[in-house]
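Each reported figure results from applying straightforward, stated rules to the coordinates on display, with no laboratory input. Since we're looking at a predicted model, the values are computed, not measured. Cβ: placed from backbone, ideal geometry, glycine included. Neighbour counts: every protein chain shown.
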Amino acid sequence: MEKEILFKDFLDLLEMTEVYLKGCFKPLEKPSDAGGKETEGEISRGISRREAELSHLEEEIRVCKLCELARTRTNAVPGEGVFDPLVMVIGEGPGAEEDATGRPFVGRAGRYLDKWLDAIDLSREKNCFIGNIVKCRPPGNRDPKPEESSACLPYLVKQIELLKPKAILTVGRISSQILTGSMQGIGKLRGRIYNYNGVPLVPTYHPSGVLRNPSLRPYVWEDLKLLKAILEEKITKKDLY
Ligand code: URA
């Protein structure tokens, strides 16, 4: 009898392991077949396959339940801006105002970020797309946990692939570390141009960090000038770090 119970426990354990492993791989598979093709209506409105896939991906993000953050969010925040942007800006995760509105960078830090972009003739209305590493607000604005970032990352990877930005600007330590694959602090990471799958990537400080510490402003300006040089094609692939 005791043996039978042990054997049953062993089978339960195997099943739990299988469920766990399937769960782990699910987020990686999900976004890549997000909605697939454009519908007939989309074709008749001149919407490309990439644009259709992006909007299907956004719908998926809005109802996502891949991590714990889904339980405490008000709205998921897929990101916003133009298609085929010059620059994709990537932050960390939504704060209170972003959670309330479902839009990225709309609080104080966001208004400051808009000023940075405007200084080099960029904006979310005209030529940028703004997104985040995690699409749902971490409670109390804590850092996203590694398992939350990795559950959400495939959405961002797919967004970059579909949007095809000319350059990427990561703001803050978290998005800069994740997309450069380096664990160095933002003070060490910034000041160089990295290569993200062939797309030039410029890391800089997070606008909320610069609001707290205005002595960082000259560094941000240096980084924005690097970004501008990429857009003006003064930087070639061989200049990437
Ligand atoms: N901070 C971020 O990193 N992202 C937002 O969307 C808002 C604030």
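Can you bin region 113-209 into rounded, prolate or oblate? Criterion: square roots of the alpha carbon gyration tensor eigenvalues sorted a ≥ b ≥ c, rounded for a/c under 1.5, prolate for a/b above b/c, oblate for the rest.
Rounded, because the longest to shortest axis ratio a/c is under 1.5.
Sorted by packing (mean other beta-carbon atoms within 10 Å per residue), highest first, where do 184-194, 79-89, 164-174 land?
Highest to lowest by the protection proxy: 164-174, 79-89, 184-194.
All other residues with a Cβ under 13 Å from the Cβ of residue 196 taken together, and with Lys, Arg as +1 and Asp, Glu as -1, what is their net charge?
Overall, the nearby charge balance is +3.
What FRET efficiency do you get for residue 222 and residue 123 if R0 is 22 Å and r is their Cβ-Cβ distance, rounded to the nearest 0.05?
E(calc), rounded to 0.05, equals 0.60.
Determine, for 99, 114, the number of other Cβ atoms within 10 Å of each Cβ, and report the residues in order from fewest to most.
Going from least to most buried by this count: 114, 99.
How would you rank 223, 118, going from fewest to most other Cβ atoms within 10 Å of each one's own Cβ?
Taking fewest neighbouring Cβ atoms as first place, the list is 118, 223.
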